[in-house]
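Please read the structure below before turning to the comments.
The values are calculated or read from the model by the stated rules, or taken from the named source; none is laboratory data. Note that the structure is a prediction, hence the values are computed from the model and not measured. When we count neighbours, we look across all protein chains shown, and the Cβ atoms used for this are built from the backbone with ideal geometry, even at glycine. Ligands, DNA and RNA are stripped out before the accessible areas are found, and what is left, the full protein with its side chains, is counted by its heavy atoms. Shrake-Rupley method; radii C 1.70, N 1.55, O 1.52, S 1.80 Å.
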Amino acid sequence: MIVDIPGWVCHGHADGISAIDIHPTGRRLVTCGTLPQIKMWNLLPILDSAAERDPNVPKLLAVLSEHQGSVLVVRFSNSGQLLASGGNDNTVLVYKLSSAPATAKLGSKWVNLENWKTVGSIRGHALDVTGLSWSPSDTHLATCSMDGSILIHAVSPEGQGSLVHSIRQQHHGWVKAVAFDPVGRYLASQGRNGVKVWDLSREWALAGHIEEPFHKAPEAAFRLR
């Protein structure tokens, strides 16, 4: 997928954007990149040229710098109440938008316009977190990693997570992405040896394996996942 965005939606002059997601309300765009930062953008000036030229319309809403390394993936929950991120510090962080006023971080002059507070920290992967997916009800969060594992966490409305199931060494090499189906019964995962489908109703038993056209997918095609 090719995304055309203004030049001011960036993470530094030489740093690329690893992943994006759009808030369910259509009002925000979240991006992450090689820096240990997540940026929350106002979507209106991206879509509307008049709003882009209006100095009273903010563009950057928040900068989140809680990861200890590059951030590889970001996903809003379906309700829009929570945001999850995964990075090469092997950690998944969960944020929630607070109504309390935002403050500047120590040593920074930038004051966030929106206050996204870190409410959960999920560990369990041994290498980079490469994919995230919320269940339709937002009660579960699936994560995958370069260590070849898929972890499913129960997540409270406040954003705290606890491991409920793990799937390990079912793909050749690392797992590139995970995705729940719209009903929440199945979870799909993609690796070099194809897509596998897991059935929650049968204790995450393997329900299907699609090898074509993934059997020739290069191991390094992270940004094409």
* Checking Lys96 against (1) at pLDDT below 95; (2) of a type in the set (D, E, K, R); (3) outside any loop (DSSP other than H, G, I, E, B), which test does it fail? -> (1)
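Taking the criterion of being under 29 Å from Glu211 (Cα atoms), of a type in the set (Val, Ile, Thr) and either part of a strand (DSSP E or B) or without any contact (Cβ under 8 Å) to a residue 12 or more places away in the chain (or both), would at least one residue in the range 140-147 satisfy it? Spell out the reasoning first.
Here is the first cut: in the range 140-147, the ones under 29 Å from Glu211 (Cα atoms) are 140-147.
Okay, now just the ones that are also of a type in the set (Val, Ile, Thr), so 143.
If we keep only those that are either part of a strand (DSSP E or B) or without any contact (Cβ under 8 Å) to a residue 12 or more places away in the chain (or both) too, we end up with 143.
Taking every residue of the range 140-147 in turn, at least one turns out to be under 29 Å from Glu211 (Cα atoms), of a type in the set (Val, Ile, Thr) and either part of a strand (DSSP E or B) or without any contact (Cβ under 8 Å) to a residue 12 or more places away in the chain (or both).
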* If you scan the range 1-43, which residues turn out to be hydroxyl-bearing (Ser, Thr, Tyr), assigned to a loop (DSSP other than H, G, I, E, B) and modelled with pLDDT of 95 or more? -> Thr25
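Could you list, in sequence order, all residues of the range 70-98 that are within 21 Å of Gly12 (Cα to Cα), open to solvent by 10 Å² or more (accessible area, probe 1.4 Å) and small (Gly, Ala, Ser)? Outline the logic, then answer.
First pass over the range 70-98, keeping only residues within 21 Å of Gly12 (Cα to Cα): 70-74, 85-89.
After this cut, where a residue has to be open to solvent by 10 Å² or more (accessible area, probe 1.4 Å) as well, the list is 70, 72, 88-89.
The answer is Ser70, and nothing else.
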* Structure fact -> Pro157: passes all of (1) in a strand (DSSP E or B); (2) within 18 Å of the chain's Cα centre (by Cα) but (1)
* Any idea which of Gly184, Gly148 is in contact with a Pro (Cβ under 8 Å, 6 or more places away or on another chain), over 16 Å from Val94 (Cβ atoms) and open to solvent by less than 30 Å² (accessible area, probe 1.4 Å)? -> Gly184
* Asked: Using beta carbons and a limit of 8 Å, which pairs, at least six apart or on different chains, have the first residue in the range 49-60 and in a loop (DSSP other than H, G, I, E, B) and the second one among the aromatic types (Phe, Trp, Tyr) and loosely packed, with under 13 Cβ neighbours inside 10 Å?
  -> Lys59/Trp8
* Being touching a helix residue (DSSP H, G or I) at 6+ places or on another chain (Cβ under 8 Å) and closer than 23 Å to Gly87 by Cβ is the filter here, so list the residues in the range 23-70 that pass it. => Leu29
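When you check Pro101 against the structure, is it of a type outside the set (Phe, Trp, Tyr), at pLDDT below 95 and open to solvent by 50 Å² or more (accessible area, probe 1.4 Å), yes or no?
On the way: of a type outside the set (Phe, Trp, Tyr): yes; at pLDDT below 95: yes; open to solvent by 50 Å² or more (accessible area, probe 1.4 Å): yes.
Judged against the criteria, Pro101 is a match.
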